[in-house]
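The values are calculated or read from the model by the stated rules, or taken from the named source; none is laboratory data. None of these values were measured; they are calculated from a predicted model. Cβ sites come from the backbone with ideal geometry, for glycine too, and all protein chains shown count toward neighbours. Areas reflect the complete protein model, heavy atoms only, side chains present, ligands, DNA and RNA absent. Shrake-Rupley method; radii C 1.70, N 1.55, O 1.52, S 1.80 Å.
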Amino acid sequence: MAILVTGGGGYIGSHTVLRLLEQQEEVVVLDNFVNASPQALTRVAGLAGRAPHVIEGDVCDAALLTRLFATHRIDAVIHFAGLKAVGESVREPLAYYQVNLSGTLTLLAAMRAAGVHHLIFSSSATVYGQPEQVPLTEASRTGGTTNPYGTSKWMVEQVLRDLALAAPEMALVALRYFNPVGAHPSGRIGEDPRGTPNNLLPYIAQVAVGKLPSVTVFGNDYPTPDGTGVRDYIHVMDLADGHLQALRHSRDRTGFSVWNLGTGRGHSVLEMIDAFRRLSGRDIPYTLAPRRPGDIAECWSDPSRAAVDLKWSATRDLDDMIRDTWRWQSQNPQGYSSE
Ligand code: NAD
Ligand code: UD1
């Protein structure tokens, strides 16, 4: 039997595909490469010593999914495919609801028709909207999302909850990622954003390598220890391991489950810049600017439910995250186009 990984060519997907291959799983990747390079999977195959089966195609293509499930013996799906740029989602809401919501509905319908019962879905801490208090537990209030990207993740969670009630044979999991960062320790695979990065760590990395002149710090008047935003950064390899544990756990279970994947620790923007400077030995100039609209002051997880249920906890600390990001960025200054 094989595991279907949608969006397996992307940042989190490629690291997870590598871990699955290392565990001797058979992997089928479906990706349309709208935000990924096929190079990532070539490098994954090099690291694993074996390759996934790669299908180039769209998760919204119902006929393709029907063929895929008829051709490959799939027993579980890890569903990363989606669009993830918050600002773009405000400008192009239909594209985001089409891919993130409708694409998931198409996938679920094809899974049901093929008798495939296990799904792990990439949700996000964004479903908590403006947190009432931190740390966030899975029982914290969700909704109140402020952009179509976040709303699409929240909507899919409602769909999964309803489907689990109607189809009691299904095991549907939503993993709420906090802030994924870092790269495989080999420096061979990592995050390769198209254009100017939206997220903090890739931005800092591009300043450190000399591609961008300075970091803009969005707000230093938040009610946090140094006034800058605080987030729960989590190493992408810990995240990949979290998927393997969730898959193991859901194999002999049914119903809808939600787990936070975070470290339970928050770091401020200035702490991130300082740590990057220390570990890369590079100068990281920054300028202060007003808050970014839609940003929250602080957000970190209570990761204890995953520790108890999944026997999973993050094991890599901030220095690991930054060292591995820097190795990837300095060895691949142009991302996957470097080679
Ligand atoms: P990514 O953009 O690197 O990966 C997404 C992958 O999906 C890409 O390979 C892209 O080419 C593919 N894809 C997009 N639309 C597709 C379509 N219609 N059909 C087939 N493939 C398609 O993003 P990522 O950071 O690896 O994120 C993976 C998932 O995790 C996404 O669903 C994202 O929303 C979610 N997530 C990411 C973060 C984060 O900060 N990176 C945080 C929380 C949740
Ligand atoms: C953003 C998204 C969120 C998504 C998450 C992970 C927004 C409003 N939210 O969250 O939906 O789930 O990424 O992909 O975009 N910062 C700077 N300068 C920068 C970039 C960021 O100061 O150039 C600050 C931010 O204000 C924040 C912190 O760094 O305090 C982290 O930002 P970012 O990496 O974009 O993640 P989130 O804001 O948590």
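Its residue count N sets the reference 2.2 N^0.38 Å, and the alpha-carbon radius of gyration of segment 179-230 equals 1.33 times that reference.
On a per residue basis, segment 266-313 carries 54 Å² of accessible surface, using protein heavy atoms and a 1.4 Å probe. Seen against the Cα atoms of the chain and their longest principal axis, helix 62-71 is set at about 70 degrees. The charge dipole of segment 70-149, taken about the Cα centre with unit charges on the Cβ atoms of Lys, Arg (+1) and Asp, Glu (-1), comes to about 160 debye, rounded to the nearest 20. At R0 = 22 Å, how high is the FRET efficiency between Asp226 and Ser304 if r is their beta carbon distance? Nearest 0.05 is fine. My answer for the efficiency is 0.25. Measuring how big segment 247-339 is from its alpha-carbon positions, Rg and Dmax come out at 17.9, 52 Å. Each residue, Asp295 and Ala109, gets one label point 7 Å from its Cα in the Cβ direction; the gap between the two is 4.1 nm. The value of relative contact order for segment 78-194, using C-alpha pairs under 8 Å at least six residues apart, is 30 percent. The relative contact order of the chain, computed from alpha carbon pairs under 8 Å that lie at least 6 residues apart in sequence, is 19 percent. The GluC sites (Glu not before Pro) of segment 151-255 that DSSP puts in a loop, and whose beta carbon has at most 14 other beta carbons within 10 Å, are Glu169. Gyration tensor analysis over the Cα atoms of segment 1-133 returns equivalent ellipsoid semi-axes of 24, 18, 15 Å (largest first, whole Å). Residues whose amide H comes within less than 5 Å of that of Val5, counting only those at least five positions distant or on another chain, are Val28, Val29, Leu30, Ile78 (H built at 1.01 Å from N in the peptide plane). Taking every alpha-carbon pair under 8 Å whose residues sit at least 6 apart, segment 1-142 reaches a relative contact order of 24 percent.
At 10 °C and a viscosity of 1.306 mPa s, what translational diffusion coefficient does Stokes-Einstein give for the chain, taking Rh as the Kirkwood radius over Cα pairs? Give it in µm²/s as a whole number. Estimated diffusion coefficient is 78 µm²/s. What FRET efficiency, computed as 1/(1 + (r/R0)^6) with R0 = 30 Å and r the Cβ-Cβ distance, is obtained for Val90 and Arg194, rounded to the nearest 0.05? Working from the Cβ atoms, E equals 0.95.
Nonpolar atom fraction for segment 167-269, defined as the carbon and sulfur part of the 1.4 Å probe accessible area, stands at 48 percent.
Taking Cα atoms, how many degrees apart are the long axis of helix 269-280 and the longest axis of the chain, rounded to 10 and kept between 0 and 90? Roughly 90 degrees, rounded to the nearest 10.
In the chain, the DSSP beta bridges split such that about 5 percent are antiparallel, to the nearest 5. Listed by chain and number, the lysines placed with their C-alpha closer than 27 angstrom to that of Lys84 are Lys153, Lys211; residues fewer than eight positions away on the same chain are left out. For helix 148-166, report the angle its Cα long axis makes with the longest principal axis of the Cα atoms of the chain; keep it between 0 and 90° and round to the nearest 10°. Helix 148-166 sits at roughly 30 degrees to that axis.
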